[in-house]
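The values are calculated or read from the model by the stated rules, or taken from the named source; none is laboratory data. Since the structure is predicted, the reported quantities are computational estimates derived from the model, not experimental observations. Because the Cβ atoms are built from the backbone with ideal geometry, glycine has one as well, and the counts that use them run over all protein chains shown. Surface accessibility is based on the protein's heavy atoms, side chains included, excluding ligands, DNA and RNA. Shrake-Rupley method; radii C 1.70, N 1.55, O 1.52, S 1.80 Å.
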Amino acid sequence: PISGAGAGIGLAVAQLNTLAKAKGMKYFGSATDNPELTDTAYVKILSDSTEFGQITPGNSQKWDSIEPTQNTFSYTKGDAVVSLAQANGQLLRCHNLCWYNQLPSWGMF
């Protein structure tokens, strides 16, 4: 029988984080970002800590997202991913915070 996050949507559930930890790994994780957080089926699986014990924000913590205009900071997008991980007892790891094609337009040198 299918159990876990995918049970109601016809997905077989591998419980990847549980399996990884049984093999001695600290966690099995996933990267995600804000556009995906509107997909309820996706979020249900991502929120299942037997599947994913860790989450990494994709671009929401990069410079262009945090400071889109000079001296105006917003952590809202990154906080959404952080809140999801915290709500599910998952670890959070940062992605690279500065990347050449995600620089704010005002910061181009």
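A 1.4 Å probe run over the chain, with the rest of the protein chains in place, finds 62 Å² accessible per residue. If you run the Gaussian network model on the chain, springs between alpha carbon atoms under 10 Å, then out of ASN71, ASN59, ASN34 the most flexible one is ASN71. Placing dummy labels 7 Å off each Cα toward the beta-carbon, the span from LEU19 to SER83 is 3.3 nm.
By the helix-only formula, in which each DSSP H run with n ≥ 4 contributes -39500 (n - 2.57) and the sum is divided by residues, the chain has a 222 nm mean residue ellipticity of -7000 deg cm²/dmol. The listed residues SER30, SER83 rank as SER83, SER30 when sorted by accessible area, largest first, using a 1.4 Å probe.
If you run the Gaussian network model on the chain, springs between alpha carbon atoms under 10 Å, then out of ALA22, ALA31, ALA41 the most flexible one is ALA22. Separation of segment 59-86 from segment 27-56 is 18 Å, based on Cα centroids. Note down the net charge around TYR42, summing +1 for each Lys or Arg and -1 for each Asp or Glu among other residues with Cβ under 15 Å from its Cβ. Net of charged neighbours comes to -4. Working from Cα positions, state the angle (0 to 90°, nearest 10) between the long axis of helix 76-87 and the longest principal axis of the chain. Helix 76-87 and the main axis of the chain meet at about 20 degrees.
Given the choices [x] 15, 38, 28, 14, 5, 0; [y] 15, 50, 32, 4; [z] 12, 36, 30, 17, 6, 0, P(r) over Cα pairs in 10 Å bins from 0, in percent derived from the coordinates of this structure is entry [x]. When the square roots of the Cα gyration tensor eigenvalues are ordered a ≥ b ≥ c, the ratio a/c for segment 11-75 is 1.5 or more and a/b does not exceed b/c, which makes its shape oblate.
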